[in-house]
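The values are calculated or read from the model by the stated rules, or taken from the named source; none is laboratory data. Source: prediction; values computed, not measured. Every residue, glycine as well, gets a Cβ built from its backbone with ideal geometry; the counts of neighbours run over all protein chains shown.
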Amino acid sequence: MNKKIRLIISSGLIILLIAVAFIFFKPRAIEVEMVKVNRGVFTDEIHADGFFRAKNRYTVTAFGEGDIKRVDLKVGDILKKNQTITQLYWDVKYVPVRSPIAGVITKVFRESAGPIHRGEPIIEVVDSSDLEIVSELLTTDAAKVKVGNLAFATGWGDSKPIQAHVTKISKAGFIKISALGVEEERTEVIMEPEKLSLDEKTKLGHTFHTILSIQVATVDAALKIPAGALFRDGSAWAVYQVINGKAQLKHVTISLRGNEEAIIVGGLQEGDIVINYPGDLIKNGTSVKSKKD
């Protein structure tokens with residue numbers, strides 16, 4: 001009888017140890033961000049810095065050989081049309097040098113009085129009431145842009161975005177050194193603002209900074225997922241699809257991929273669940289659960 005009791009107790013302890021070991025060593029589900037494959041409007045955008053620029057810029061030069069008086073005007077000063085900038089002693093008399101337009105001084109090339117040659121620049125003046133928007137895009141991004149593409153300018157000092165459209169894409173590239181010291185091939189993309197209000201014209205000026213979102217593609221009723229769900233598996237695009245609480249590696253085919261979303265044309269269906277930003281802990285067959293649970 002004692003042997004039977006001991007056997008029962010021993011068996012119970014073994015079962016208990018197995019259960020405890022199973023609980024402690026059972027792979028725990030990893031919390032992940034789950035997103036549903038859905039249909040909607042897909043917009044591919046290029047985000048870049050830009051600046052407002054006056055369309056009309058004039059360099060006022062000496063109209064003849066002679067001596068000029070000191071230029072007391074400074075950058076930022078506002079000029080009226082035909083306002084005297086300085087005087088040039090020419091043909092035995094002082095003749096006023098005038099501004100050709102009403103505008104703002106952006107450069108002063110010559111301040112001191114004294115001899116000056118014909119054609120030598122004195123100041124630059126711009127018409128700040130008629131502005132365009134310029135962005136120096138990477139040539140790889142500029143190649144995606146088309147004339148007529150919609151753009152939005154934000155971050156210029158007001159919460160209201162300014163709508164614009166692309167009017168010109170320069171075919172002349174140039175090398176620019178990035179903040180990290182890397183040589184980058186860039187080119188100018190020019191946009192026309194849509195009907196600036198009087199308040200916006202008052203606040204904005206020549207070379208004022210802005211942040212641009214340029215729409216390069218729009219597709220209605222597209223099957224899409226977050227771009228963060230995609231990763232490379234060899235030469236193929238892949239995602240981790242969640243099936244019965246486990247991550248399953250799934251190769252997919254995409255047609256367009258933007259900064260935030262991608263269009264799926266093969267491998268997934270509407271309503272499927274995928275993992276957004278899968279980490280290194282996620283492998284094929286890994287148990288997962290939603291962070292919302």
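Structure values in brief
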quantity	calculated
Selected residue (criterion: nearest to the chain's Cα centre (by Cα)) from residues of region 226-259 that are outside any strand (DSSP E or B) and surrounded by 14 or more Cβ atoms within 10 Å (Cβ to Cβ)	Gly258
Of residues in region 213-223 being of a type outside the set (S, T, N, Q) and surrounded by 13 or more Cβ atoms within 10 Å (Cβ to Cβ), the one nearest to the chain's Cα centre (by Cα)	Ile214
Residue selected from region 260-287 under the condition part of a strand (DSSP E or B) and out of contact with any Pro (no Cβ under 9 Å at 6 or more places or on another chain), by the criterion farthest from Glu45 (Cα to Cα)	Ile273
Among residues of region 75-124, those that are assigned to a loop (DSSP other than H, G, I, E, B) and not small (Gly, Ala, Ser), counted	16
Among (1) touching a residue at least 12 places away in the same chain (Cβ under 8 Å); (2) surrounded by fewer than 13 Cβ atoms within 10 Å (Cβ to Cβ), the one test that Thr210 misses	(2)
Restricting region 242-275 to residues that are of a type in the set (Lys, Arg) and over 15 Å from Lys36 (Cβ atoms), the residue that is modelled with the highest pLDDT	Lys246
Matching residues, region 175-206, being hydroxyl-bearing (Ser, Thr, Tyr) and either out of contact with any helix residue (DSSP H, G or I) (no Cβ under 8 Å at 6 or more places or on another chain) or at pLDDT below 90 (or both)	Ser178, Ser197, Thr202
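Table: residues versus (1) within 30 Å of Lys69 (Cα to Cα); (2) at pLDDT 95 or above.
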{"position": "Lys107", "(1), (2)": "yes, yes"}
{"position": "Ala113", "(1), (2)": "yes, yes"}
{"position": "Glu124", "(1), (2)": "yes, yes"}
{"position": "Ser128", "(1), (2)": "yes, no"}
{"position": "Glu132", "(1), (2)": "no, yes"}
{"position": "Glu136", "(1), (2)": "no, yes"}
{"position": "Lys144", "(1), (2)": "no, no"}
{"position": "Phe152", "(1), (2)": "no, yes"}
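So that you can scan it fast, the table gives a plain yes or no per residue for (1) touching a residue at least 40 places away in the same chain (Cβ under 8 Å); (2) of a type in the set (A, V, I, L, M, F, W, C):
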residue	(1), (2)
Asn56	yes, no
Gly66	yes, no
Leu79	yes, yes
Ala102	no, yes
Ile116	yes, yes
Pro121	yes, no
Ser129	yes, no
